[in-house]
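The values are calculated or read from the model by the stated rules, or taken from the named source; none is laboratory data. None of these values were measured; they are calculated from a predicted model. We place every Cβ from the backbone using ideal geometry, glycine too, and count neighbours over all the protein chains shown. We work out accessible area using only protein heavy atoms, side chains counted, and drop any ligands, DNA or RNA first. Shrake-Rupley method; radii C 1.70, N 1.55, O 1.52, S 1.80 Å.
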Amino acid sequence: MNEPAGGNIDALTVEGFGEEWAAFDQTELGGAEYEQLFDAYFHLFPFKKMARGEGFDLGCGSGRWAAGVAPKVGLLHCIDPSSKALDVAKRRLANAPNVRFHLATSETIPLPDGSQDFGYSLGVLHHIPDTGGALSDCVRKLKPGAPFLLYIYYALDTRPFWYRAIWRVSDPVRRVVARMPFGGRRVVAEAFAALVYWPLARGAKVAERAGVNVSNFPLASYRHGSFYSMRTDALDRFGTRLEQRFTRAQIEEMMKSAGLEKIRFSDRTPYWVALGYKQTGK
């Protein structure tokens, strides 16, 4: 299967995610942890209105979120530019009769403009060179008044100076690791998960039990998570060649420019999750 071509795509980033999902297919992520993560991303989404709706998941990856969405909607289109990722999603969703799969980029979504009742893209748009352009491509497919949910990496705009300083120190490391062959990226990510993510996350958990406010502890959001999640996210963080970050204000402006209104931001991690509705005049 040939990968789709297009101007608004970073081929090496797409290839990297295909390798990641083939190695970590997310099938071990389940139970209470999956439900908590799903709620963290989707608590703003109006599922009650989508029982018969048709919509799409742009950048479906392994199908981990589609697995939770499909039982709640009428028809779901899983779209990804990586054939390896789609193969993983197809296996995971083999028993979901209301899911269709499309090898495509944001520019080549094979759905008619103005045809979809909903859409979402979680953790994807910041890995596309022109994030705002990709968002506009998605919104174009929606019916007027249809919701679109997104998750875009934040620019640490809710964090104190020292927290942002730590990130600035770590980012050059990411740039080096992301250029390694996949085997090297995987080994380094697992080492980071074991030596950095796990100790800091479990330390935050202990501190929380002692009554300490851990909201600004590095990696505290993983304090109730599994090592499996930490390992996957460490590979996301340090193994991805193209990563962009945006402030809440920048994301809101992109959403408005793409034709979304009634915009709401989640007030809890992960940042930033936001929901908007396609303008009725668009």
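Take the Cα of S226, step 7 Å toward its Cβ, do the same at T269, and the gap between the two points is 1.9 nm. A straight Cα-to-Cα reach below 14 Å connects K262 with the aspartates and glutamates E252, E253, residues fewer than 8 places away in its own chain not being considered. Across every pair of non-identical alpha carbons in the range 107-223, the mean reciprocal distance, once inverted, gives a Kirkwood radius of 17.5 Å. For the range 14-54, applying the loop criterion from DSSP together with a ceiling of 13 other beta carbons within 10 Å to the trypsin sites (Lys or Arg not before Pro) yields R52.
Summing charges over neighbours of V176, with a neighbour being any other residue whose Cβ is under 12 Å away from its Cβ, gives +4 when K and R count +1 and D and E count -1. Computed from the alpha carbon atoms alone, the convex hull of the range 68-138 holds 96 Å³ per residue.
Under the convention that each Lys and Arg Cβ holds +1 and each Asp and Glu Cβ holds -1, the size of the dipole of the range 227-282 around its Cα centre is about 100 debye. The lysines within cross-link reach of K72, meaning a Cα-to-Cα straight distance under 16 Å and a gap of 8 or more places when in the same chain, are K48, K49. Summing +1 for each Lys or Arg and -1 for each Asp or Glu among the other residues whose beta-carbon sits under 14 angstrom from that of R209 gives +2. Placing unit charges on each Cβ (+1 for Lys and Arg, -1 for Asp and Glu) gives the range 1-116 a dipole about its Cα centre, and among Q116, L103, Q26 the Cα reaching farthest toward its positive end belongs to Q116. Can you tell me how the range 1-113 classifies by the Cα gyration tensor, rounded, prolate or oblate, using a/c under 1.5 as the rounded cut? It is oblate, given that a/c is not under 1.5 and a/b is not larger than b/c.
Ignoring any ligand, DNA or RNA, what whole percent of the accessible area of the chain comes from carbon and sulfur when the probe is 1.4 angstrom? Solvent-exposed carbon and sulfur of the chain make up 54 percent of the total. For the chain, the Cys residues with no second cysteine's beta carbon closer than 4.7 Å are C138. In the range 193-256 the Cα-Cα distances spread across 5 Å bins starting at 0 as 4, 17, 20, 15, 16, 15, 10, 4, 1 percent of all pairs.
Only Lys, Arg, Asp and Glu carry charge here, each on its Cβ (+1 for the first two, -1 for the last two); on that basis the chain has a dipole of about 560 debye about its Cα centre. The modelled label-to-label distance for the pair E15/W162, using points 7 Å beyond Cα in the direction of Cβ, is 4.2 nm.
Dividing the convex hull volume of the alpha carbon atoms of the range 39-99 by its residue count gives 73 Å³ per residue. FRET efficiency for the M180 to T247 pair, using the beta carbon distance and R₀ = 41 Å, is estimated at 0.85. Taking a ≥ b ≥ c as the square roots of the Cα gyration tensor eigenvalues, with a/c under 1.5 meaning rounded and otherwise prolate when a/b beats b/c, else oblate, which class fits the range 1-66? Cα axes put the range 1-66 in the oblate bin. Using DSSP, restrict attention to beta bridges with both residues in the chain and report what percent are antiparallel, rounded to the nearest 5. That works out to approximately 30 percent antiparallel. Approximating the spin labels as points 7 Å out from Cα along Cα→Cβ, the E190-to-R202 distance works out to 1.8 nm. Cross-link partners of K143 among aspartates and glutamates, defined as those whose alpha carbon lies under 19 angstrom from its own and excluding same-chain residues fewer than eight positions apart: E54, D57, E107, D113, D117, E261. Counting only Cβ charges, +1 for Lys and Arg and -1 for Asp and Glu, the dipole size of the range 108-253 around its Cα centre is about 600 debye. With K and R counted +1 and D and E -1, the other residues having a Cβ less than 10 Å from that of R186 yield a net charge of -1.
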